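The structure appears right after this line, and notes come after that.
The values are calculated or read from the model by the stated rules, or taken from the named source; none is laboratory data. Treat the numbers as computed from the prediction; the structure is a model and nothing was measured. No Cβ is skipped: glycine too gets one built from the backbone with ideal geometry, and neighbour counts run over all protein chains shown.
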Amino acid sequence: MSVSVWRDSAKGRDAVTVDVAVIGAGVAGIAVARQCEKRGLSCAVLEARDLAAGATGRNAGFAMTGLADSYESLVERFGRKTARELWLVSQANLDEIIDDVVGREGVACDLVPCGSVVAAWDERERAVLERSCAMLVHDGFDVRWLEGDALYAKLGSRAYHGGIFVAKDHGIHPVKLVSGIADNLAQSGVRLLFGHEVRSIEQARSQVLVRTSRADVTAGYAVLCTNAYTRTLEPALGALVRPVRGQALCLEGVDRSLDALLYTDDGFQYARPLPDGRVVAGGWRRAFADEEIGLADECSEGVQSGIERWLRERWPQWRDARVTHRWSGAMGFSPDGIPLVGTLADRPRVAYAVGFTGHGMGFAFAAARAALRRVLQEGDAGIFAIERLDRA
């Protein structure tokens, strides 16, 4: 972390003492704080910027099952058992959002039960997805194959070659989600400390000392939820979390022909309808892979024009639609695409949940539970355990 002497001494320092210090106020950090509150553990969330300032507030708002990779690809890479477990964990994560966070805790986050379609960009992808759909059905998942008029009814475009429909997937407003949870946590006594850039994390015996730009936070445990920004605080761990920029835009003046979350082109292009009739779309980084690395918050002409061209070509009825917003966000990619949960080797009271690889909405609540379980020495991190990389 680069710290000037001027910023470090500009203000007086506070002293905070809690059971758990959570670093990062995106969906993962807020999910960890939520678990702490449920366990009766005092908690402080430390954030350098503002709530959902990173990828959480810059994604496309997909609350869906699985990964961008096809199920067939997951089976080839990890085996059938692990591929099925990944889908089951993401399914349980989605259930927690729908049933607990929204249903029982009353968080309003524009949840839209529109389902998702993983659509075939071309005939090659069609073959992969048809095989994946058959495998998913065999493994007990509620999915079905769509093509022809049935596919057109969901996508409003004839340009796709079939697709897998998952009825339970939802659109979501990610900032409203974490804001609503944060409001509930604040009312329960969780401290939300914004503008607290973390300088260092030290461990001495049974305590962790987190030094921020404005406070010294003493805790029994700490949990890092810094995703793409991990390398700025813990370079050794950050070497395993590659920052990849994702870009998106919002179109208004479109019809409502797109009626589902859409993933296509091996997950590199995606789009979804908003409740107010606009469309959010993103991706197109495959053609600019070398450029879309790093933490810079910038929109590039190549990626943005690629997204626009895709939308206007495959939905000709949107040719005159207007772009109202353009944005980018840094995602944290793990080496194998699965989130990483563990504890720091030299500071076992410091856990982490990072490397969500563009699927924070799909795994953050499950990973938060795993990280807290791990640091409290109540068990391993399951499918997220970083030790899997040593066995690969």
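Here is how the numbers come out for the structure above:
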{"item": "Given (1) surrounded by 19 or more Cβ atoms within 10 Å (Cβ to Cβ); (2) part of a loop (DSSP other than H, G, I, E, B), number of the condition T343 does not satisfy", "result": "(2)"}
{"item": "Residue, nearest to the chain's Cα centre (by Cα), within segment 234-260, restricted to residues that are within 29 Å of V279 (Cα to Cα) and part of a loop (DSSP other than H, G, I, E, B)", "result": "A260"}
{"item": "Elements of type strands (runs of 3 or more DSSP E) in segment 92-199, at least 3 residues being touching a Phe, Trp or Tyr at 6+ places or on another chain (Cβ under 9 Å) and not assigned by TED's automatic domain parsing to the domain that holds C225", "result": "116-119, 143-146, 163-166"}
{"item": "Residue, surrounded by the most Cβ atoms within 10 Å (Cβ to Cβ), within segment 225-269, restricted to residues that are out of contact with any helix residue (DSSP H, G or I) (no Cβ under 9 Å at 6 or more places or on another chain) and not small (G, A, S)", "result": "Y263"}
{"item": "All positions within segment 180-200 that are more than 16 Å from A15 (Cβ to Cβ), of a type in the set (A, V, I, L, M, F, W, C) and crowded, with 19+ Cβ neighbours inside 10 Å", "result": "I181, A182, L185, V190, L192"}
{"item": "Checking F356 against (1) surrounded by 13 or more Cβ atoms within 10 Å (Cβ to Cβ); (2) within 15 Å of V223 (Cβ to Cβ); (3) over 14 Å from the mean Cα position of the chain (by Cα); (4) not charged (D, E, K, R), the condition it does not meet", "result": "(3)"}
{"item": "Residue match in segment 282-293 (condition: surrounded by 13 or more Cβ atoms within 10 Å (Cβ to Cβ) and part of a helix (DSSP H, G or I))", "result": "yes"}
{"item": "Residue match in segment 13-21 (condition: farther than 25 Å from L372 by Cβ, at pLDDT below 95 and outside any strand (DSSP E or B))", "result": "yes"}
{"item": "Residues that are among the aliphatic types (A, V, I, L, M) and surrounded by fewer than 22 Cβ atoms within 10 Å (Cβ to Cβ), drawn from segment 167-179", "result": "A167, V175"}
{"item": "Count - residues of segment 185-213 that are within 15 Å of V18 (Cα to Cα), more than 23 Å from the chain's Cα centre (by Cα) and not charged (D, E, K, R)", "result": "10"}
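For (1) in the same structural domain as A150 (by TED's automatic domain parsing); (2) polar (S, T, N, Q); (3) closer than 22 Å to D169 by Cβ, each residue gets a yes or a no:
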| position | (1), (2), (3) |
| --- | --- |
| L233 | no, no, no |
| L237 | no, no, no |
| E252 | yes, no, no |
| D266 | yes, no, yes |
| P273 | yes, no, yes |
| R286 | yes, no, no |
| L295 | yes, no, no |
